[in-house]
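Since the structure comes first, as structure tokens, the remarks are kept for the end.
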Amino acid sequence: MKLFYTAENAKIGDVIPYYNHKDQQFDCFYLKNWNTDYNGSDIVHGWHRLTTSDLLHFEEQPSGIQGGTGSIIEADGMYHMFYCTFEHNPERQYTRHAVSTDYENWTDIPEHTFTADDEIYALTDWRDPFVFWNEEEQKWWMLMSAREKAQTERNGCVGLCTSDDLVRWDYRQPLYAPGIHQSALECADLFKIGDWYYLVYSSYTDGFATYYRMSRSLNGPWLRPEVDTFDTRAYYAAKTASDGKDHYIFGWNPTRRENMWGINPPTDIGADYHTWDWGGAMVIHKIVQRADGTLGVTVPEAVDSVIQNSQPITLHPLNGEWKADNNKATVHSEGGYASLLGSQIPDLCCLEVTIQYSGKPSRFGIALQVDEGFSEGYHLCFEPWYNRVQIRSGLRMFEDGGKMFPYAVEMERPIILEPDTPYHVKIFIEDSVMVMYINGETAFSTRLFNYKGRKFGFFVSDGAAVFRSIRLMTE
């Protein structure tokens, strides 16, 4: 069983999810990024189709279309694929249109190709078309990853075109142009839950993440929620789809194997300290709408259901005043650090625990793949002072880490932390992929490359905490 689909000899790039109501299945087209060291005879570039009825088991086949991210719609008994292609010297990007009657064989229509107008939008960025029917206007809307013609480089926007027939498109002013990002707002996506519209996009400047905005109207204003991302830097180009009941968001968790930019450390200290690749494993979150309209994400039921076989665990205090039994550990560690070592972590598993702290600890949390000395491994640190959770990898604990990291935080997610409040944590691990969910609404994804086959643990610094309902589960 695989929780997070990974293509053999390749990486999952941008996912274009579509729910096929006729066959009651998700058809997740994606951009296949073949590993650079693979030269097999089966290499087929372009869009590949992943078919699944349960978000766990996938069947894959190439689509015959080569190009960048886009969208799929159905209209008048015909399937329409909108995607993009690229030219260089000079830089130009184009929207393309292909059609199909059977959803497997696609015919490109070259005469429907068009690019930016060079009046509202710059010619250099015109990609990732997202098409949907606007019921209020009785028109097709196309959202584009674009740059508006502006006075500064902070001109990334979500462009807008409209059409009556999916062939001739009229340029309009951007749907969303915040003047924040020095890049096109990639992989635009839009959906509605209740009275709220949600605009989703990704950006790799001023923060590498998938973002969202919310509005009561397609005409805006588009409001920025306090926490406007779905996951960490290790989750990108995410787009959404719904089966009519639930909404899901499909993104990629990158690998760190190819040194794409040539800036890896000159001394190889393991993949944990390499630069991120473009693409990796597909991670699917279920979208949760809160009472105020803001969004969170949680684990899909199908993924959660297959990791329910509880394993026996041991809890061994290392330092600090712990009280521990089979599924609960309590510690008071004012003025110092307390650590406890648990059982070995399987390659495919879920670690579940509810944590409640008191006092004013500087940090507390969960260690993964940690050694017997509680040093080398990965520390998921909950930090009430900063209202965040961050990961600290093994190298940070040593002098070399202090030299390598000229910044305070490797990766973090904001979360309001309050004393005497339970925080329910589920951590899913499959090989190097790790996805943590907190209280069924906050996700934290990363990769754990350097350390394997070690144990989990708990820790508290300068405070008190209880770790209860501890479970380690496999298939």
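Throughout, read-outs are computed from the coordinates displayed, never taken from laboratory work. These figures come from a predicted structure and were not determined experimentally. Because the Cβ atoms are built from the backbone with ideal geometry, glycine has one as well, and the counts that use them run over all protein chains shown.
Name the chymotrypsin sites (Phe, Trp or Tyr not before Pro) in the stretch 1-91 that are in a loop by DSSP and that have at most 16 other C-beta atoms within 10 Å, would you?
On the way: sites: F4, Y5, Y18, Y19, F26, F29, Y30, W34, Y38, W47, F58, Y79, F82, Y83, F86; in loops: F4, Y5, Y38, F58.
In loop regions of the stretch 1-91 (DSSP not H, G, I, E or B), the sparsely surrounded chymotrypsin sites (Phe, Trp or Tyr not before Pro) are Y38.
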The chain: relative contact order in percent, alpha carbon pairs under 8 Å with at least 6 residues between = 12 percent
In Å and from the alpha-carbon atoms only, list the Rg and Dmax of the chain.
-> 23.3, 73
Over all distinct alpha-carbon pairs, what is the Kirkwood Rh of the stretch 167-297 in angstrom?
-> 16.4 Å
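Send over the semi-axes of the stretch 263-376's equivalent ellipsoid, whole angstrom and largest first, taken as the square roots of 5 times the C-alpha gyration tensor eigenvalues.
Values: eigenvalues 160, 117, 67 Å².
Value: 28, 24, 18 Å, ordered largest first.
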Across 10 Å bins from the origin, how do the percents of Cα pairs in the stretch 353-394 run, short distances first?
-> 29, 50, 21
Do any chymotrypsin sites (Phe, Trp or Tyr not before Pro) in the stretch 180-264 lie in a DSSP loop with no more than 12 other beta carbon atoms within 10 Å, and if so, which?
-> W261
Against the rule of thumb 2.2 N^0.38 Å, how large the Cα Rg of the stretch 74-161 comes out = 1.20
GluC sites (Glu not before Pro) within the stretch 62-135, DSSP loop, no more than 14 other Cβ atoms inside 10 Å | E91, E104, E119, E135
Label-point separation in nm, N387 to I263, each point 7 Å along Cα→Cβ = 3.1 nm
Grab the Cα-Cα distance for S375 and M411, subtract it from 0.36 nm times how many residues apart they are, and report the gain in nm with one decimal.
-> 11.1 nm
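Could you give the C-alpha radius of gyration of the stretch 225-315 expressed as a fraction of 2.2 N^0.38 Å, taking N as the number of residues it contains? Walk me through the intermediate numbers first.
Values: Rg = 17.4 Å, N = 91, 2.2 N^0.38 = 12.2 Å.
The reported ratio for this selection is 1.42.
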Compute the separation of the alpha-carbon centres of the stretch 14-32 and the stretch 71-104 and state it in Å as a whole number.
-> 15 Å
All alpha-carbon distances of the stretch 128-231, grouped into 10 Å bins from 0, give the whole-percent distribution 15, 49, 30, 6
Go through V131, P346, W322 and say which Cα lies farthest out towards the positive end of the charge dipole of the chain; charges sit on Cβ, +1 for Lys and Arg, -1 for Asp and Glu.
-> W322
Relative contact order (percent) for the stretch 309-474, with alpha-carbon contacts under 8 angstrom and 6 or more residues of separation?
-> 39 percent
Direction-averaged shadow area of the convex hull around the Cα atoms of the stretch 309-474, nm²?
-> 8.8 nm²
Given a Förster radius of 60 Å and the C-beta distance between D165 and E418 as r, what FRET efficiency does 1/(1 + (r/R0)^6) yield to the nearest 0.05?
-> 0.65
In Å and from the alpha-carbon atoms only, list the Rg and Dmax of the stretch 397-475.
-> 14.9, 41
